[in-house]
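The values are calculated or read from the model by the stated rules, or taken from the named source; none is laboratory data. What you see is a predicted model; the values in this text were computed from it and never measured. Cβ: placed from backbone, ideal geometry, glycine included. Neighbour counts: every protein chain shown.
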Amino acid sequence: MDKNAEKIQCMFDGISPKYDLLNRVLSFRRDMCWRKKAATVAGIRDSDTILDLACGTGDMMLTIRNINKKCRIIGADFSQKMLLRGAEKVNEPLIAADACALPFCNGVFDKITIVFGFRNITDKPLALREMSRVLKIGGQVSILEFSRPSKLFSKIYWFYFRFILPRVGAIISGHKYAYGYLPESVINFPCETEYRKILTEAGFSDISFTPYDLGICTATMAVKTDNS
Ligand SMILES: C[S@@+](CC[C@H](N)C(=O)[O-])C[C@H]1O[C@@H](n2cnc3c(N)ncnc32)[C@H](O)[C@@H]1O
């Protein structure tokens, strides 16, 4: 694991006790609605085996389970402390794993969900190749991530995101860096052209982007079409 990834792992270990509370407070509870929308559009079937990657404390796993009682869900994350919090909430297998070196055989999952985690992965092309490798052909990845909102709303949003959110985040979590890093990681996220390119190069097609709440976050869906 590279030094930046280690730093991110430490950061999530550090904020794990307050992570859920901060999500609710800083998003005004919209995070729950965004996960629900993303889980609904993922079109989960009873027979699906789903990997929730960068599962953190397991909120997406809970959302998926509320929508479908029969599918199999496995959570994976490289922060042990986020997983320990998750273990108090979810009744599904949780595995400590780096998204860039997944400990699964080829072609075992029908779907992968990754919610507010992809932005944090330091080697995104490698992680996408790993996701593609462990998905069945025809399997689908759903990535929900913060994005840059539409012009109409962008001034108020950036003011909140760059000045209010890092301060409130630092006070509640006790970690100054973590919530200052959040806007930085959204700004540094690949543009749509680059994003499409790395998805395509990892073997995905049928790529679609659906903005939620004026583009505060965007759900990306793509289908694994070959074994590249
Ligand atoms: C913002 S949290 C999102 C957690 C959860 N998915 C949710 O919806 O709340 C990001 C998560 O990504 C995980 N993460 C970041 N980079 C990772 C990597 N390379 N491999 C595995 N997990 C990673 C972090 O440990 C953290 O738990």
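Just one of the listed residues (8, 64, 15) is aliphatic (A, V, I, L, M), assigned to a helix (DSSP H, G or I) and modelled with pLDDT under 90, namely 15. Consider the range 82-138 and keep the residues that are basic (Lys, Arg) and within 13 Å of the chain's Cα centre (by Cα). The one that is farthest from the ligand (Cβ to nearest atom) is 124. Residues that are among the small types (Gly, Ala, Ser) number at least 2 in the following strands (runs of 3 or more DSSP E) confined to the range 72-176: 72-77, 135-146. Of all residues in the range 188-211, those that are in a helix (DSSP H, G or I) and within 16 Å of the chain's Cα centre (by Cα) total 2.
Residue check: is residue 65 away from the ligand (no atom under 11 Å from the Cβ) and surrounded by 17 or more Cβ atoms within 10 Å (Cβ to Cβ)? Yes: the conditions hold for residue 65.
Got a number for residues in the range 176-195 being among the polar types (S, T, N, Q) and modelled with pLDDT under 90? Summing the residues that are among the polar types (S, T, N, Q) and modelled with pLDDT under 90 in the range 176-195 gives 2. Every residue in the range 80-97 that is in contact with a strand residue (DSSP E or B) (Cβ under 8 Å, 6 or more places away or on another chain) and either surrounded by 18 or more Cβ atoms within 10 Å (Cβ to Cβ) or under 19 Å from residue 68 (Cα atoms) (or both), please. 83, 86, 90, 92, 93, 94, 97, listed by residue number.
If the condition is being more than 8 Å from the ligand (Cβ to nearest atom) and either among the small types (Gly, Ala, Ser) or in contact (Cβ under 8 Å) with a residue 12 or more places away in the chain (or both), then the range 21-32 contributes 21, 22, 25, 26, 27, 30, 32.
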